[in-house]
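The values are calculated or read from the model by the stated rules, or taken from the named source; none is laboratory data. Treat the numbers as computed from the prediction; the structure is a model and nothing was measured. Because the Cβ atoms are built from the backbone with ideal geometry, glycine has one as well, and the counts that use them run over all protein chains shown.
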Amino acid sequence: MYFLLAVPILIIAGAAVCNKKDASFKGLESDEHPLKSLYPLASVIYDIIKKNKKEDVFGNMDILREIYVDERPENARKKQGCKCIASVLAVLGLTFLVCFLYTFSRESILTDNNHLKRNEAGKGDEKYNLILKSVLTDEQDYTVRVSERELKGEEFEKLKAEAQYYIDKMIFDPNESAECVRGKINLITEIPGTSVRINWTDDNSWFLSVDGKVKNKDYTEPVPATLHAELTYFDRLWDYYLDIMIYPPDVTEKDRFLEELEESLKEADIATRTENYYELPERIGDKELSWNEEEDNTSVMFLIIGLIAAGAVLPAMKQDIHKKQKKRTEQMMQDYPDIISKFVMLITAGMTCRGAWNKICSDYRKKRERDEGGEKKNGNKKTGMRFAYEEMLISDREMQLGIPEVKVYERFGTRCSVPAYNRFGTLLARNIKRGSSGIIEILESESKESFAERRENVRKKGEETGTKLLLPMFGMLILVIAIVVVPAFSSF
């Protein structure tokens, strides 16, 4: 057992002996390097690994150069290597220490090599899993069952008295007492917390059924009887006797009525057995009977569910609108870099802002017309519809109707309700007002920023998708573990 302490002791001793100052470990932050006290020992191990030219296992030099930009690549790799080695040493030391503490604190089953502890009386038997080895057998698993300690002398006599007291207390509930028994007797089979077992003999069969019901239906006067049971404790056996007085059952007017009703129903069933219908009795003695069907509340449940569903429609529709609005914004931001780049290209080629706008709209209109035969989606929206281009088409029609170009661009930005398009519309309106000087440079800068923003959005969406996949991946991991572990355990 004590050999488990060897590893943590060697690690601590090694860290103390190798406590030398190294320039590469100077100024290490505790948050990033919590195990820096083990770095001197880890440095010795790192040097051994480096001599064997295996230091590449701690990381690629190019990646480490990017991470630690203000350090020499070799020092960066050594620091990373020592961090890994120190973590391994800490885990090994902690593991061996926990194993030692568990082994030391664990109570041994065997005492003096061949003694097993017996449970105290009332705590039940105990099973011990041991390994048996003898001249005739190899090492094999063997289960030894050790019974609880048996009471003797005064302790046994006390147990007998307590057992009898428990029986007297429990068997007559809900009867009044042994002197007035009308209902069922509780035939208990054991005394809780002891090894005493109770067997009720056949001597009780003339007035008691197996389940404890008293056979007093035909009694008109109290009848004396004697309960007889045999109690066992290990190999000891003794009798238990108790005189009781059985009274006729305490039958109320309601009980008599229900008995008469049951008899009448049986007679009606026999009388109409050959007919297609079963006739219920209308009267028992001088008491009239009225029969009705149970109320069926299914329709009420459907009504409640329908009302709840109707009330949930409006919030669901609002939620759906918010989702569509979010998808629209995402689609428009996805198309924004392409629109800006097309605009820059056409402006550079010598077109005016209005001509470039008209050209972009014309190209989109032709593409949309080619897709007119496609399936419809979301009402009247076509499969190839792009919200940003549709807004541009509206602005193009406004210009054809004679609305001032400046006003059209400003309205376009406001209508899109997306900051990027608002900025684009304002930029074009300002160009019309103040002239076209510098518009190309501004649009090129806007194009670069929009492409960078789209790349960032794609990256974020990829991270979100990866996060959503963690749960099913974790579920698959549990399933694989179950597939491997369950057959292994079932084979034992």
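Only a single item in (1) surrounded by fewer than 12 Cβ atoms within 10 Å (Cβ to Cβ); (2) without any contact (Cβ under 8 Å) to a residue 12 or more places away in the chain is not met by Leu101, and it is number (1). When segment 298-339 is limited to residues that are of a type in the set (S, T, N, Q) and more than 31 Å from the chain's Cα centre (by Cα), the one that is modelled with the highest pLDDT turns out to be Gln334. Tell me, please, whether a residue that is assigned to a helix (DSSP H, G or I), more than 17 Å from Ala356 (Cα to Cα) and of a type in the set (Phe, Trp, Tyr) can be found in segment 394-416. Scanning segment 394-416 turns up no residue that is assigned to a helix (DSSP H, G or I), more than 17 Å from Ala356 (Cα to Cα) and of a type in the set (Phe, Trp, Tyr).
To keep it simple, each residue is scored yes or no on (1) within 27 Å of Thr348 (Cβ to Cβ); (2) of a type in the set (Val, Ile, Thr); (3) in the same structural domain as Asn358 (by TED's automatic domain parsing); (4) at pLDDT below 80.
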| residue | (1), (2), (3), (4) |
| --- | --- |
| Phe412 | yes, no, yes, no |
| Leu443 | yes, no, yes, yes |
| Ser447 | yes, no, yes, yes |
| Phe474 | no, no, no, no |
| Leu477 | no, no, no, no |
